[in-house]
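These notes concern the structure reproduced below.
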Amino acid sequence: MTHAKTLAASFLTGLALITVAAMPITAAGTGGDTCQLTVSPTSGGSRIVAVYQGAAVNSGQWHLRLTAPGADIDQSGDFTAQRGEILTLSEIELGSGPARVNAPVNARLTVTVGRRKLICPVIAGPIHL
């Protein structure tokens, strides 16, 4: 069964409010694999980290799409993971300049392992795998 939801998280960083909104997501964890996109406040804005953990030795591809005022990021790549290894796929720092005050940041991380495609949840705060 696929569980879909939308997450919006807001962070007060200095005087700027950063809002992170995700596309609808499905629960990660298919076949024991997990992934997530974490968003944490920093002293100068927000830190966004894409992570993956496999239940077995495997390889696959990932794709991260992030848009925000002044930022249009499209990253992807291949990975190989050992059983239980937590891989950092990408790290992005967004500043909290005037263009980003109360502006939405849209982010979506997908991971493909074999024929399985995970649409990873967006989590406010530290990595929880």
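Exactly one of these conditions fails for S96: (1) polar (S, T, N, Q); (2) touching a His at 6+ places or on another chain (Cβ under 8 Å); (3) at pLDDT below 90. Give me its number.
Result: S96 passes all but (2).
Could you pull out the residue among S46, S76, S59 that is surrounded by 14 or more Cβ atoms within 10 Å (Cβ to Cβ) and in contact (Cβ under 8 Å) with a residue 12 or more places away in the chain? Steps first, answer last, please.
Numbers: S76 fails: surrounded by 14 or more Cβ atoms within 10 Å (Cβ to Cβ); S59 fails: surrounded by 14 or more Cβ atoms within 10 Å (Cβ to Cβ).
Unique residue meeting the criteria: S46.
Which of the residues that make up region 56-75 are hydrophobic (A, V, I, L, M, F, W, C) and within 12 Å of L118 (Cβ to Cβ)?
Within region 56-75, the first condition is being hydrophobic (A, V, I, L, M, F, W, C), and the residues that meet it are 56-57, 62, 64, 66, 68, 71, 73.
Once the filter is applied, which keeps residues that are hydrophobic (A, V, I, L, M, F, W, C) and within 12 Å of L118 (Cβ to Cβ), region 56-75 yields only W62.
Within region 59-80, take every residue that is under 28 Å from D33 (Cα atoms) and over 18 Å from the mean Cα position of the chain (by Cα) and give me the one that is modelled with the highest pLDDT.
Step by step, filter region 59-80, then rank; the result is T80.
The values are calculated or read from the model by the stated rules, or taken from the named source; none is laboratory data. Only a predicted model underlies this, so the values are computations on that prediction, with no experimental measurement involved. Note that each Cβ is placed from the backbone with ideal geometry, even for glycine, and that neighbours are counted across all protein chains shown.
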